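The values are calculated or read from the model by the stated rules, or taken from the named source; none is laboratory data. The model shown is predicted, which means the values in this text are computed figures rather than measured ones. We place every Cβ from the backbone using ideal geometry, glycine too, and count neighbours over all the protein chains shown. All accessible areas refer to the heavy atoms of the entire protein, side chains included, with ligands and DNA or RNA removed. Shrake-Rupley method; radii C 1.70, N 1.55, O 1.52, S 1.80 Å.
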Amino acid sequence: MSISNSVVQQLLEKCPDWRPQMYFKSSLTALSHAMEDLVLNDTDAPLVIASFQRERFYRQEATRYKRIADKTEQVYVLAAPETDFSNRSLDYETIAFESSDALAQEWHLVIIGQRYTSCLICRERNIAAPDSKHGVVMDTNRRFEGIWTFDRAVTSQAAEIMLERIVAYRPELRAKIDRAYQLYLSPQSTTSPTQTASPLTNPDPFVQRLVTYLQAGQYKLLKANKSLAAKQQKEQLLNSVTDAVRRSLDTKQILQVAVQQLGEGIGVCRCIIYRCHKDDPVATIDSEYIDTGIKSVKGLKWQLANNPLFEEAVASTETISVDNTLEDERINRLARSQKTGKFFQNLIHNYSIYSWLLVPIFYHGRLLGVMELHHCEQEPIAWKPDDIALVDAIATQVGVALIQAEAYADLEDLNEQLEALDRTRSNLVAIVGHELRTPLSTIQVCLESLASEPDMASKLSQIMLETALSDAERMRNLVQDFLTLSRLEGGGMEWNLETLSIGECIDLAISNVKARNKEHPLPQIKNLTTPENLPLVQIDGEWLVEVLAKLLDNACKFTQADGEIAIAVKTNGGKTLEVTVSDTGRGIETGSLETVFDRFYQEEGALRRSAGGTGLGLAICRQVVKNWGGKIWAESAGKDRGSIFHFTVPIKATKKKSGQPKSPAAKYKSSRKKSNKKRS
Ligand code: ADP
């Protein structure tokens with residue numbers, strides 16, 4: 001059954017002189033409890049009618065109503081059911097109304113006894129819009145309007161309205177309700193106004209209850225204010241640390257500002273930050289804040305290996321808090337289990353770390369460092385969740401600032417590299433331009449002379465043609481070497497790894513060099529290798545021969561015909577062989593031993609090139625050797641004291657021998673065509 005009339009409205013119509021008042025929900029709760037307490041603290045057996053908006057509100061008070069029912073048999077409780085609230089006559093009468101009923105918006109409590117009468121008849125004001133953040137109506141914001149009074153006449157009117165409704169919902173209660181009329185509302189009743197002098201003969205319990213509510217309210221307010229102020233202070237601290245650390249791109253400064261602000265702001269004895277990786281055994285403390293009189297740990301090596309707090313923080317990626325280090329099970333277990341565990345106890349003792357907070361600074365799963373807070377007074381403290389949350393938030397900000405600083409430093413490095421690259425590019429363009437222009441000019445002069453002087457002596461014209469041809473050949477070699485080097489540097493080369501005997505590669509390189517220099521007398525080339533004692537190598541044979549041939553070519557170029565060249569190979573105990581090409585030629589100045597590997601390096605300068613060559617040979621060798629993971633370097637005792645070029649070659653990993661290694665000669669020949677195509 002659903003009645004749409006408002007009880008508040010009905011009462012106001014019956015009592016036109018009364019004006020409704022506004023009440024917050026908390027006031028209604030306080031008043032209702034105070035009124036109920038009146039019943040519970042008195043010997044009177046009053047009429048009690050309570051109407052709750054929903055079953056859930058009634059449930060909170062159900063035990064009180066049971067106790068009230070012990071005092072009087074005239075108790076009526078109304079509510080809109082939500083689970084199992086229904087019309088029943090158990091300890092007291094329960095009356096269920098539909099949620100569309102006007103009562104669902106109202107809150108009533110009517111009490112009529114011998115010594116006191118009181119009523120609270122209220123209606124909820126247009127229900128507040130849901131709190132935008134939480135999507136619910138804040139309970140404290142709910143407001144009601146209506147009448148609360150001790151006035152007997154008004155209370156009687158309210159009781160009559162309510163009893164009429166109860167009969168309408170539960171007609172079977174008619175007899176009981178008639179009795180209520182007789183007992184509490186008829187002029188003859190013992191509770192009628194003529195019978196009772198004062199509406200509230202003993203106001204004490206009521207007043208006490210209200211004062212308690214007032215006190216509780218005040219206390220809650222104070223607490224809320226306090227926590228709000230603390231929250232505000234923490235937010236300010238977080239903001240100021242964030243602001244300060246984000247303003248700098250200097251890692252040291254970021255960390256120092258963070259420890260200083262955090263240490264002072266949170267009021268700890270010591271706050272430190274150190275950079276570390278998760279597997280570092282120790283870290284150096286480079287940023288520290290200490291309160292007056294506290295021992296400094298700055299610059300100390302902080303042990304991380306076997307530190308159970310550090311290990312736990314890294315594994316869980318969470319902050320570890322220890323309220324009392326002397327009683328911490330992890331620390332004590334370590335001290336018991338290992339001799340080295342004592343170091344930890346000593347550390348705690350030496351630096352008076354009685355309460356400890358260890359906060360790992362992570363960024364995208366990467367450990368950047370650790371922040372520690374120490375409390376150094378004998379009386380340990382309990383770390384509050386709010387403080388831990390604040391320190392966590394600051395650690396996150398420090399992490400971001402560190403990454404920003406790292407990115408900036410990387411950017412600076414990159415900029416420097418780019419500038420260097422740009423300089424190299426400009427140099428390269430100038431050098432290549434020069435290297436190509438020189439032979440091109442010679443060719444042009446020769447061809448122009450031939451064209452403009454048809455009567456030129458045949459001997460001279462022969463010389464002109466030969467010069468033009470030789471410079472054209474030089475240009476072709478230069479372009480080819482330049483392209484090869486570009487591809488090697490750009491990683492665009494295909495490598496064909498094979499298992500080879502290095503001795504055969506050396507023989508092949510020597511015969512190539514000899515074939516190329518048939519017309520010139522060459523210094524003697526000695527092969528000092530004993531291939532049968534050497535392990536096989538795992539390498540691209542074609543390129544190994546190329547490197548050997550280039551070194552031999554250079555040795556021939558810079559050594560007199562009566563000099564000597566030697567090739568030797570030795571195992572150096574590791575996974576590589578070391579090859580040396582030495583000569584007794586003009587040698588290299590100590591200061592040029594590295595620069596000879598630069599592109600276009602030539603001792604006499606490109607213009608006065610007497611020995612020919614492109615100036616790219618050693619640069620190509622270095623790229624090739626680098627590719628197979630080896631090293632190449634030059635040695636010389638100085639001018640005219642010969643040179644030695646060394647390079648390393650990877651040995652084939654030793655498994656069971658499977659067949660004969662391929663002959664490099666066959667391989668070299670077959671792949672030569674293919675690779676020439678590749679390089680051109
Ligand atoms: P190039 O085509 O000029 O030989 P390289 O890159 O092969 O170019 O060599 C660069 C320079 O290194 C040579 O011009 C020379 O000055 C020096 N150099 C190379 N090998 C030797 C050597 N065996 N003895 C003395 N100087 C050498």
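Compared with the dominant Cα axis of the chain, that is its longest principal axis, helix 385-452 is turned about 30°. Ranked by solvent-accessible area (1.4 Å probe, protein heavy atoms only, all chains present), the residues SER4, SER51 order from largest to smallest as SER4, SER51.
Residues ARG64, ARG165 ordered from highest to lowest accessible area at a 1.4 Å probe: ARG64, ARG165. Pairs spanning more than 30 Å between alpha-carbon atoms, out of LYS25/LYS66; LYS301/LYS631; LYS252/LYS342: LYS301/LYS631; LYS252/LYS342. Computed over the range 234-408, the convex hull of the alpha-carbon atoms projects to a mean area of 9.4 nm².
Of the residues ALA405, ASN350, ASN415, the one whose Cα sits farthest toward the positive end of the charge dipole of the range 312-426, with +1 on the Cβ of Lys and Arg and -1 on the Cβ of Asp and Glu, is ASN350. Along its first, second and third principal axes, ordered by size, the chain spans 157, 69, 53 Å in Cα coordinates. Here the accessible area of the range 7-223 is 52 percent carbon and sulfur, with a 1.4 angstrom probe and all protein chains present. Under a 1.4 Å probe, what is the accessible area of the range 7-223 per residue, stated in Å²? Counting only protein heavy atoms, the per-residue value for the range 7-223 is 50 Å².
Could you calculate the FRET efficiency of ASN572 with GLU377 from 1/(1 + (r/R0)^6), where r is the beta carbon distance between them and R0 is 56 Å, rounded to 0.05?
0.35
Once R0 is set to 35 Å, what does the formula 1/(1 + (r/R0)^6) return for the Cβ-Cβ distance between LYS518 and SER592, expressed as a FRET efficiency to the nearest 0.05?
0.70
Applying a 4.7 Å Cβ-Cβ cutoff to the chain leaves CYS15, CYS119, CYS122, CYS271, CYS276, CYS446, CYS505, CYS556, CYS621 as cysteine residues with no disulfide-compatible partner. Note on MET456: accessible area approximately 30 square angstrom, rounded to 10, probe 1.4 Å, nucleic acids and ligands left out.
For the pair SER511 and ASP204, label points projected 7 Å from Cα toward Cβ lie 12.7 nm apart.
Net charge dipole, the chain: roughly 1780 debye, given to the nearest 20, about the Cα centre with Cβ charges of +1 for Lys and Arg and -1 for Asp and Glu.
Round to the nearest 10 and give me the degree value, 0 to 90, for the angle of helix 617-627's Cα axis relative to the longest principal axis of the chain. Between helix and principal axis, roughly 40 degrees. Counting only residues at least eight positions apart within a chain, or on another chain, the aspartates and glutamates with an alpha carbon under 19 Å from that of LYS518 are GLU466, GLU473, ASP507, GLU546, ASP553, ASP562, GLU564. Between ALA393, ASN512, SER441, the Cα set farthest toward the positive side of the dipole of the chain (charges on each charged residue's Cβ, about the Cα centre) is that of ASN512. Accessible surface of the range 410-474, 1.4 Å probe: 59 percent of it comes from carbon and sulfur atoms. Site pair LEU249 and LYS223 shows an inter-label distance of 5.0 nm when each label is modelled 7 Å from Cα along Cα→Cβ. On C-alpha positions alone, give me the angle between the axis of helix 502-516 and the longest principal axis of the chain, in degrees, nearest 10. Taking the Cα atoms of the chain, the angle to 502-516 is about 50 degrees.
Sort the following peptides by mean Cβ neighbour count (other Cβ atoms within 10 Å, averaged over residues), highest first: 544-556, 631-643.
Going from most to least packed, we get 544-556, 631-643.
Here the peptides 218-230, 76-88 are ranked by packing, the mean other Cβ count within 10 Å, and the order with the highest first is 76-88, 218-230. The residues of the range 357-440 expose on average 55 square angstrom of accessible surface per residue, using a 1.4 Å probe on protein heavy atoms. Mean residue ellipticity, 222 nm, helices only, the chain: the sum of -39500 (n - 2.57) across DSSP H runs of n ≥ 4, divided by residue count and rounded to 500, is -15500 deg cm²/dmol.
Once the Cβ-Cβ distance of GLN560 and LEU418 is raised to the sixth power relative to R0 = 60 Å, the FRET efficiency obtained is 0.85.
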